[in-house]
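Chemist: Here it is: the structure, laid out below.
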Amino acid sequence: MPSILKLQVNHFSTIKMIEVLIENILNYDQHALLAVNSLHNPYWDLFMFSVSGKLIWIPLYASILLLLLRNFSYKAVLFSLLTIGVMMLITDTLTAQWIRPMIGRMRPSNLDCPIGHLVHTVNNYRGGAYGFPSNHAGNCFGLAFFICFLLRKRWLSVFMIGWAAVVCYSRMYLGVHYPGDILGGITFALIGSALVYRTLLYIEGPYHRCQLKGTLIPVWVGLGIFAYIAIASFVMYLMA
């Protein structure tokens with residue numbers, strides 16, 4: 001009996017330690033989010049809101065498609081597009097219908113969230129009810145990881161990871177995602193992109209990365225979009 005009682009006490013202590021650890025992590029997550037969100041000003045509100053948009057990045061996606069078409073077979077490119085599209089659709093649906101409601105972690109911008117009244121919002125944008133994991137992080141880092149795995153070109157990889165990181169930062173700046181939400185999305189992205197990459201290798205077979213053409217095109221297109229957002233935000237800031 002003493003041994004059983006001791007095991008029960010140890011088990012209870014372990015559970016309490018885990019609960020305290022999780023609570024501390026969530027507290028740090030909240031403090032980090034509020035620290036990022038507190039750095040707002042009218043110019044960065046305009047800039048980050050634009051960066052967080054989806055349509056603004058269509059030219060970047062088009063340049064990546066052009067890059068793939070120049071270096072891989074149509075079959076491989078079509079498979080990649082279909083697989084990535086299906087993966088994003090499944091991820092979005094799975095996240096919205098199952099994972100987010102099951103975990104039930106409210107967005108920091110949600111007015112029902114304990115810190116909702118402390119969060120600065122832009123254009124009254126608060127997002128949906130729940131935020132874990134972040135779809136923006138999953139989609140952006142999913143594409144970035146896939147390009148890094150596939151092409152392994154230094155400057156393109158640096159830009160893609162940097163682009164995804166800025167988009168994710170904008171989500172925290174806007175107050176709609178905790179850093180933990182972002183990390184959750186990145187984890188999904190890493191797993192999904194690795195699976196797509198390995199499957200593409202199976203279809204395409206060996207290829208020579210040194211012979212790839214036009215790998216800097218997405219970099220220049222992406223930098224151009226950032227420049228456009230910066231200038232447009234500044235003009236709107238002056239006109240406000």
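Where a number appears in this text, it was derived from the coordinates with a stated rule and is not lab data. Since we're looking at a predicted model, the values are computed, not measured. With ideal geometry, Cβ positions are generated from the backbone for all residues, glycine too; neighbour counts draw on all protein chains shown.
Chemist: Using packing as a proxy for protection, rank 30-39, 17-26 so that the peptide with the highest average count of other Cβ atoms within 10 Å comes first.
Modeler: Highest to lowest by the protection proxy: 30-39, 17-26.
Chemist: Taking Rh as the Kirkwood radius computed over C-alpha pairs, what is the Stokes-Einstein D of segment 135-240 at 20 °C in a medium of viscosity 1.002 mPa s, expressed in µm² per second?
Modeler: Rounded, D is 140 µm²/s.
Chemist: Where Lys and Arg each count +1 and Asp and Glu each count -1, what net charge lies around Asp181 among other residues with Cβ under 15 Å from its Cβ?
Modeler: +3
Chemist: Highest mean first, what order results for 139-152, 114-127 on Cβ atoms within 10 Å?
Modeler: Those peptides, ordered most packed to least, come out 139-152, 114-127.
Chemist: What's the magnitude of the charge dipole for the chain around its Cα centre, counting Lys and Arg as +1 and Asp and Glu as -1 at the beta-carbon? Answer in Debye, nearest 20.
Modeler: Approximately 720 debye in magnitude.
Chemist: Report D for the chain in µm² per second (integer): Stokes-Einstein, Kirkwood Rh on Cα pairs, 4 °C, 1.567 mPa s.
Modeler: Value of D from the Cα-based Kirkwood radius: 65 µm²/s.
Chemist: Within the chain, which whole H helices from DSSP have a Cα span along their axis of at least 27 Å and a mean Kyte-Doolittle hydropathy of 0.5 or more, if any?
Modeler: Working: long enough: 2-37 (52 Å, 0.43); 74-94 (29 Å, 1.56); 154-173 (28 Å, 0.91); 179-204 (36 Å, 1.08); 217-239 (33 Å, 2.01).
Taking the DSSP H segments of the chain (at least 27 Å long, mean hydropathy at least 0.5), we get 74-94, 154-173, 179-204, 217-239.
Chemist: Right, next: Have a look at Ser170, Leu65, Gly116 and report the one farthest towards the positive end of the charge dipole of the chain, computed about the Cα centre with Cβ charges (Lys/Arg +1, Asp/Glu -1).
Modeler: Leu65
Chemist: If we count every other residue with Cβ under 11 angstrom of Ser109's Cβ, Lys/Arg +1 and Asp/Glu -1, where does the sum land?
Modeler: So the surrounding residues net to +2.
Chemist: Shifting gears a bit: Let me check against my output: what whole-number percent is the relative contact order of segment 2-239, with C-alpha pairs under 8 Å and at least 6 apart?
Modeler: 31 percent.
Chemist: Around Thr121, with a cut-off of 13 angstrom between Cβ atoms, what is the net charge of the other residues, counting Lys and Arg +1 and Asp and Glu -1? Mind dumping the intermediate values first?
Modeler: Numbers: positive: Arg107, Arg126, Arg171; negative: Asp45.
For residues surrounding Thr121, the net value is +2.
Chemist: Where q = 0.13, 0.23 Å⁻¹, what log10 of I(q)/I(0) comes from the Debye formula for segment 110-159, counting one point per Cα?
Modeler: So the normalised log intensities work out to -0.52, -0.84.
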